[in-house]
Amino acid sequence: TDLSMVEAKNGLLKKEFSAVELANAYISNMEKYRYLNPYITETSDKALEMAKISDNKIANGEARALEGMPIAIKDLFCTEGIRTTAASKMLDNFVPEYNSTVAEKLFDAGIVLLGKTSMDEFAMGSSTECSYFGPTHNPWNLESVPGGSSGGSAAAVAANEAIWTLGSDTGGSIRQPASFTGIVGLKPT
């Protein structure tokens, strides 16, 4: 789980390890560091199913751009058949019948979904303490916040619980958590 995305992708294509093995390594860290609370919904079983598909595509020379990359998606992006809460009690049982555009594009590119990450409720906050599902802790210092509103996404990457994650940013909600947890955050213009 210390590999960069480029190293992981090259390792998969060279068959140094399988997508299932890579997913299992991240799932192990998710279990080990669950006390950080970066995930609202974990999708380990789905991740392993997706990883098997990725291994088959790689074996058949059909690898897509992000084939086998174990990632997590902020819990405000709709994911078909997977609970999407926006960290709110009001949406606790909401299971969308469709994917958001960004989720659909990621699935089409071959990602392996580890789960949906925590956030400040409705992405309105700067600490990821304001989630119905409890606060997320900074992996570097449990007494510190990971920033927000994409704090679950940042904490998951910093703790090696995902190779990368999807967040959202209006006024700093990717950039600020990235700086608080010592990772790279990118807000496209």
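The values are calculated or read from the model by the stated rules, or taken from the named source; none is laboratory data. The shown structure was predicted, so the numbers you read here are calculated from the model rather than taken from an experiment. Note that we place each Cβ from the backbone using ideal geometry, even for glycine, and neighbour counts take in every protein chain shown. All accessible areas refer to the heavy atoms of the entire protein, side chains included, with ligands and DNA or RNA removed. Shrake-Rupley method; radii C 1.70, N 1.55, O 1.52, S 1.80 Å.
Quick notes
- Of the numbered criteria (1) within 12 Å of ILE111 (Cβ to Cβ); (2) buried (at least 17 other Cβ atoms within 10 Å of the Cβ), the one MET5 fails is (2).
- Scanning region 86-104 turns up no residue that is within 13 Å of GLU42 (Cα to Cα), β-branched (Val, Ile, Thr) and not in a loop (DSSP other than H, G, I, E, B).
- Close pairs from region 47-74: first on the phi > 0 side of the Ramachandran plot and surrounded by 15 or more Cβ atoms within 10 Å (Cβ to Cβ), partner of a type in the set (D, E, K, R) and at pLDDT 95 or above, Cβ under 9 Å, at least 6 apart: GLY68/LYS9; GLY68/ASP55; GLY68/LYS57
- Filtered by the rule that a residue be of a type in the set (Val, Ile, Thr) and out of contact with any Pro (no Cβ under 9 Å at 6 or more places or on another chain), region 98-114 gives THR101, VAL102.
- The set of residues in region 116-146 being closer than 19 Å to ILE183 by Cα, of a type in the set (Gly, Ala, Ser) and within 16 Å of the chain's Cα centre (by Cα) consists of SER118 alone.
- Search result, residues across region 110-126 that are open to solvent by less than 20 Å² (accessible area, probe 1.4 Å) and either basic (Lys, Arg) or part of a loop (DSSP other than H, G, I, E, B) (or both): GLY110, ILE111, LYS116, SER118, MET119, ASP120
- Residues satisfying the stated conditions in region 88-107, i.e. among the hydroxyl-bearing types (Ser, Thr, Tyr), over 18 Å from SER118 (Cα atoms) and in contact with a helix residue (DSSP H, G or I) (Cβ under 9 Å, 6 or more places away or on another chain): TYR98
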